[in-house]
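Before any comments, here is the structure.
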Amino acid sequence: MVLLRRVIGDALRARRQGQHRTLREVSTAANVSLGYLSEIERGQKEPSSELLAAICDALGARLSELLREVSDTVALAEQLPGVLVPMQDEPAEPTPSPVAVRKATNRGVRQVTSDGKVAVSVRQDSPLKATLRSTRVRPAERDVVCAA
């Protein structure tokens, strides 16, 4: 099952790293402890709306932008069977998506989907745990991802 706090944490970390900023810089600007910000980015803690707004402000991002990105990621994950609900039996027909790839790995089932703007990779670690990674697709990569 995909945890919302992990998707939020991944989105915050991606923005911070995209700006080449350290945890210390952002934690100071947001007035939150470095350790707590680290736990938020790793999906171990779920920030309050006030704290999330302060972190977004420290990153120079709008809260609505971050939430839209998180929403897009979750929407793509919903298209992959068994990601947001515990996996029971395989569905007869997988839910269609713009681009979806599914393969077995030694760490569970890995699924990848993209809508041309966001690519989501999901590794199903167990029936109740999934690791979700999302990335923005750059214009040059869109053609490659959509053609796959």
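Tabulated values for the structure
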read-out	value
Inter-probe distance in nm under a simple model that places probes 7 Å from Cα toward Cβ, at N31 and S71	2.8 nm
For S48, net neighbour charge (Lys/Arg +1, Asp/Glu -1) across residues whose Cβ lies under 15 Å away	-2
For the stretch 1-68, accessible area per residue (1.4 Å probe, heavy atoms of protein chains only), Å²	55 Å²
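The values are calculated or read from the model by the stated rules, or taken from the named source; none is laboratory data. Computed from a predicted structure; not experimentally measured. Glycine gets a Cβ as well: all are built from the backbone with ideal geometry, and neighbour counts include every protein chain shown. Ligands, DNA and RNA are excluded from the accessible area calculation, which covers all protein heavy atoms including side chains. Shrake-Rupley method; radii C 1.70, N 1.55, O 1.52, S 1.80 Å.
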